[in-house]
Amino acid sequence: MSVMIADSVELGRLPDVRMSFHLMGLHVREVGSGWTYPSHEHPMYELHWMIDGDMQMVVEGQIYDQKKGDLLFIRPGLTHSCKSSGSHGFTFFCVHFSVADPVFSKELERHQAVCYEAASPLVKKLVPFLTNLCNLATENRSRSLSAAKSMRVYAAVFELLGTLVEQLSQTDDVVRTKKELLAARISEYIEVSIRSSLLHGQLEDSERTFVQDIADSLNLSPSHVNRIFHQVYGKAPRQYMSEILLSEAQRLLLQSDLSIDHIAMMLGYKTSAHFSRQFKRWTSMTPSGYRNSTQLESPNER
């Protein structure tokens, strides 16, 4: 049977989507009136939603009195602590997440507000998704999730984050500058370059020239590519590439049925020794050490 490829009309298309995402410590908790949590910081975003009661959160020295329905959005690296401020304790929902995607992260960083009251448009839009995640968490009290439940959690989280970014972008009429648009194109080229390299197993070869290749595609100099990307996202293109590769390596290492040699091959490294050296430069741990640590540690819940 012959296939007439030319005899077709494309009615629509979405661009390729690739996002490295880490979700940690999603939980619902009820605490007493004397409950406190000491000052700390972490490299992840944190959403903290008050289901019932009153709490006081201190973020970078600023006090926020969180009441029923209020939402706190804490960015990476901000020092924060919390304690009960009511006589009967409180119930809250909390989730930590990180996203290795500069465009998405840039949207999350546009506004530095920490506390959003229950009556705010942002919280009203997020409540259905927060409630859904709370229900999923309370339904599941074991440490393991079925494949179907995992997909439901992922779907609920992405609905939540998509709505969060959408609402943040509507808080004012921010127009992306030419510099931001160019940086976004560079990030897309980086992701396409990595996908192509991993598909064809040529990462080590393309790693040395990928900035030059991107510059050629955009008719720019490599220095201009590096400068624009760093000005918008605060990191070099090569660092962003490393973050994507590290996230992919960590994801694969969680699959215990894959050997280190197989993972190295999947990531485009010619030898597992080279992959191990690179992974240790990124994390100060060997791939096998990282795999063992993730199997032993319990969920980090607050």
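The values are calculated or read from the model by the stated rules, or taken from the named source; none is laboratory data. Since this is a predicted model, take the numbers as computed values, not measurements. Using ideal geometry, Cβ is built from the backbone for each residue, glycine included, and neighbour counts are taken over all protein chains shown.
Do you know which residues across region 19-35 are on the phi < 0 side of the Ramachandran plot and not in a loop (DSSP other than H, G, I, E, B)? Give the steps one after another, and end with the answer.
Narrowing region 19-35 to residues on the phi < 0 side of the Ramachandran plot: 19-24, 26-35.
If the condition is that a residue be on the phi < 0 side of the Ramachandran plot and not in a loop (DSSP other than H, G, I, E, B), then SER20, PHE21, HIS22, LEU23, MET24, LEU26, HIS27, VAL28, ARG29, GLU30, VAL31 are the ones that fit.
Within the set of pairs 6 or more residues apart or between chains, which connect a residue that is farther than 15 Å from GLY34 by Cβ inside region 77-91 to a residue that is in a loop (DSSP other than H, G, I, E, B) with Cβ atoms less than 6 Å apart?
Once the first residue is farther than 15 Å from GLY34 by Cβ and sits in region 77-91, its partners that are in a loop (DSSP other than H, G, I, E, B) give GLY77/GLU41; LEU78/GLU60; THR79/GLU41; THR79/GLU60.
Just to confirm my filter: which strands (runs of 3 or more DSSP E) fall fully inside region 36-87 and include at least 2 residues that are in the same structural domain as ASN135 (by TED's automatic domain parsing) and crowded, with 20+ Cβ neighbours inside 10 Å?
Details: elements: 36-40, 45-53, 55-59, 62-66, 71-74, 80-84.
Hits in region 36-87: 45-53, 55-59, 71-74, 80-84.
On the basis of being under 27 Å from SER187 (Cβ atoms) and of a type in the set (Asp, Glu), does GLU109 make the cut?
In short, yes.
I'd like to know if region 101-116 contains one or more residues that are at pLDDT 90 or above and under 25 Å from TYR37 (Cβ atoms).
Filtering region 101-116 for residues at pLDDT 90 or above gives 115-116.
Going one step further and asking which of them are under 25 Å from TYR37 (Cβ atoms), we end up with 115-116.
The answer is yes; a qualifying residue exists.
Would you check if VAL165 is over 19 Å from the mean Cα position of the chain (by Cα), modelled with pLDDT of 80 or more and part of a helix (DSSP H, G or I)?
Numbers: over 19 Å from the mean Cα position of the chain (by Cα): no; modelled with pLDDT of 80 or more: yes; part of a helix (DSSP H, G or I): yes.
In short, no.
Is it the case, given these coordinates, that VAL103 is in contact (Cβ under 8 Å) with a residue 24 or more places away in the chain and assigned to a helix (DSSP H, G or I)?
On the way: in contact (Cβ under 8 Å) with a residue 24 or more places away in the chain: yes; assigned to a helix (DSSP H, G or I): yes.
Judged against the criteria, VAL103 is a match.
Do the conditions hold for ASP261, that is, is it touching a helix residue (DSSP H, G or I) at 6+ places or on another chain (Cβ under 7 Å), farther than 20 Å from HIS22 by Cα and among the charged types (D, E, K, R)? Steps first, answer last, please.
Details: touching a helix residue (DSSP H, G or I) at 6+ places or on another chain (Cβ under 7 Å): yes; farther than 20 Å from HIS22 by Cα: yes; among the charged types (D, E, K, R): yes.
Against the criterion (touching a helix residue (DSSP H, G or I) at 6+ places or on another chain (Cβ under 7 Å), farther than 20 Å from HIS22 by Cα and among the charged types (D, E, K, R)), ASP261 qualifies.
Assess whether SER242 counts as being surrounded by fewer than 13 Cβ atoms within 10 Å (Cβ to Cβ) and at pLDDT below 90. Show your work before the answer.
Values: surrounded by fewer than 13 Cβ atoms within 10 Å (Cβ to Cβ): no; at pLDDT below 90: yes.
Answer is no for this residue.
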